[in-house]
Amino acid sequence: MIAAIKPSEISGIIEAPASKSSMQRACAAALLAKGRSVIYNPGHANDDKVAIEIIKRLGATVEINNEKLIINNNGIDPVTDEVNCGESGLSIRMFTPVIALSGKVITITGEGSLLNRPMDFFDEILPQLGVEVQSNNGKLPIQVKGPLQSKNVEIDGSLSSQFLTGLLMVYAATDAKDVSIKVNNLTSKPYIDLTLDVMRRFGLKLPENRGYEEFYFSNETHHSSLITHEYTVEGDWSGGAFLLVAGAVAGPITIRGLDMMSTQADKEIMTALKDARAGFAIEAKGIKVRPAEMYSFEFDATDCPDLFPPLVALAAYCKGATKIKGVNRLTHKESNRAVSLQNEFGKMGVKIDVSDDLMVIYGSEKVNGAKVHSHHDHRIAMACAVAALKANGETEIEEADAVNKSYPDFYDDLKKVGANVSLSSKIKFHE
């Protein structure tokens, strides 16, 4: 699909999409908590649909009823010998330990960029927990056979915190006693806060968090008083970040549904907007964002690497050179995001330098409309779309439907507030 976006002035109200980070964790917790769970405000992005399909394959029944999910299950009881995680990095990393709770041989597959992401973690760690593992040289597909046993283990948390999320959940589900998960160089700590919060809400056993370096499960037997687990999926700060930047560039708009008390890492977009001197006000009914003269800023995105794309779109309209730390977190995403951002924003006249762990974006007096490509990466597509709102001329985004991974309503939401967006599945020929 091609999205053509012309310079636009936008105004109105947008409801933030449901957080896929929150939604996917809730699906896993509902499966592990057993019994009946009700999830309100469920997401419908591709990654959300993958999580629902996974828990169904692991024995849960799922009913969609009046904008809520009703999940019933009696624990892990796979109805298939194969589970497909789509292109969801969180699903493969979180659900693989969950799948390994079963004593059956199950093959775990994926699609697209997920096939090239490193999965050595499972080859190294799961055998220490009594799981038989066979992988494709550290890549998908992976074959596992449990049941996983909760034991003292030490892991590397530098690549992603999502591996730890999966282990925390399965240790809780097995009522782990007097064991620790030790973690070296943990990144994205706020996502572990989100994981622990979801576990708490579903009545799962919580470990003692010893400074994010060790998670200790006590010797006490855990009993939950919850009969029905109810959970409301938060608004998504990751998708909301693009809307906030859109407002700062071409607003005014108001974004509703973003919780200022959320543990989501990407809430830090508010710090970047403040440092850039963007115009915004936090009101009772939402966050109102409007254009203002903006200036370069410095930001550490090590714990929130998904903010790089919206931050680049923001920095493109800031005076001076913006410096963002955390580039090393970008290699194993849907694309190599540092390279993708350099290439596509370069086409729009925005210079980006990358050196080691630092990205420098040089704000431009004139951002140009251009023909760009999403690299099949939802966040690259959205970053280019936001930058296009005040560009000099029309921008065409190829493979624009990559947004379906996390925010399928993105272009429709932009159109609702007045953005000039046209979508076409046709191949355009130019003389």
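The values are calculated or read from the model by the stated rules, or taken from the named source; none is laboratory data. It should be emphasised that the depicted structure is a prediction, and the values quoted were computed from it without experimental measurement. Cβ coordinates were reconstructed from backbone atoms using ideal geometry, including for glycine residues, and neighbour counts include every protein chain displayed. Just the protein is used for accessible areas: all its heavy atoms, side chains included, with ligands, DNA and RNA removed. Shrake-Rupley method; radii C 1.70, N 1.55, O 1.52, S 1.80 Å.
Place a +1 charge on the Cβ of each Lys and Arg in the stretch 1-142 and a -1 charge on the Cβ of each Asp and Glu, then give the dipole magnitude about the Cα centre in debye, rounded to the nearest 20.
240 debye
Run the simple label-point estimate for Asp178 and Ala321 please: 7 Å along Cα→C-beta, distance reported in nm.
5.8 nm
Two decimals, Cα atoms only, Kirkwood Rh: what is Rg/Rh over the stretch 1-98? Present the calculation step by step, with values, prior to reporting the outcome.
Working: Rg = 16.1 Å, Rh = 14.8 Å.
Dividing the radius of gyration by the Kirkwood radius yields 1.09.
Once the principal axes of the Cα atoms of the chain are found, what is the range along each, listed largest first in whole angstroms?
Extents along the principal axes, in whole Å: 61, 44, 43.
Calculated FRET efficiency, Asn65 and Ala284, Cβ-Cβ r, R0 51 Å, to nearest 0.05?
Using R0 = 51 Å, I get an efficiency of 0.95.
Is the C-alpha gyration tensor of the stretch 226-326 telling us rounded, prolate or oblate? Criteria: a/c under 1.5 is rounded; beyond that, a/b larger than b/c is prolate, otherwise oblate.
Verdict is oblate for the stretch 226-326.
Placing unit charges on C-beta atoms (Lys and Arg positive, Asp and Glu negative, everything else neutral), compute the dipole magnitude of the chain about its Cα centre in debye, rounded to 20. Each step should come with its number before you reach the end.
On the way: 46 positive and 55 negative charges, 117 e Å.
Value, rounded to 20: 560 debye.
Looking at the square roots a ≥ b ≥ c of the eigenvalues of the Cα gyration tensor of the stretch 171-280, which shape do they give, rounded for a/c under 1.5, prolate if a/b is larger than b/c, or oblate?
Working: a/c = 4.56, a/b = 2.01, b/c = 2.27.
Oblate.
Work out the length of the dipole vector of the stretch 4-75 about its Cα centre, built from +1 on the beta-carbon of each Lys and Arg and -1 on the beta-carbon of each Asp and Glu, and round it to the nearest 20 debye.
On the way: 9 positive and 7 negative charges, 66 e Å.
Approximately 320 debye in magnitude.
If you take the Cα Rg of the stretch 104-166 and divide it by 2.2 N^0.38 Å, with N the number of residues, what do you get?
Cα-based Rg divided by the globular estimate yields 1.10.
At a Förster distance of 41 Å, what's the computed FRET efficiency of Thr228 paired with Glu293, Cβ-Cβ distance as r, to 0.05?
0.20
Could you tell me how far the Cα centroid of the stretch 365-431 sits from the Cα centroid of the stretch 224-266, in Å?
Each part's Cα centre sits 22 Å from the other's.
For the chain, set up a GNM with springs between Cα atoms under 10 Å and report which of Gly240, Gly89, Gly393 has the largest fluctuation.
Gly393
Among the GluC sites (Glu not before Pro) within the stretch 308-396, which fall in a DSSP loop and have no more than 14 other Cβ atoms within 10 Å of their own Cβ? Walk me through the intermediate numbers first.
On the way: sites: Glu334, Glu344, Glu365, Glu394, Glu396; in loops: Glu334, Glu365, Glu394.
Sparse-neighbourhood loop GluC sites (Glu not before Pro): Glu365.
How long are the three semi-axes of the equivalent ellipsoid of the stretch 281-332, in whole Å, if each is the root of 5 times an eigenvalue of the C-alpha gyration tensor, listed from largest down?
Numbers: eigenvalues 107, 51, 14 Å².
They are 23, 16, 8 Å, listed largest first.
Tell me, rounded to the nearest percent, the portion of alpha carbon pairs in the stretch 321-387 spaced more than 21 Å apart.
18 percent
At 1.4 Å probe size, with no ligands or nucleic acids counted, give the accessible surface of Asp353 in Å², nearest ten.
60 Å²
Carbon and sulfur: what percent of the chain's accessible surface (1.4 Å probe)?
44 percent
Would you please report the Å³ per residue occupied by the convex hull of the alpha carbon atoms in the stretch 60-207? Write down the numbers at each step before the final one.
On the way: hull volume 18.1 nm³, N = 148.
With only Cα atoms used, the stretch 60-207 gives 122 Å³ per residue.
With unit charges on the beta carbons (Lys and Arg positive, Asp and Glu negative) and the dipole taken about the Cα centre of the stretch 334-431, which residue among Thr395, Ser340, Val417 sits farthest to the positive side?
Looking along the dipole axis, the top candidate is Val417.
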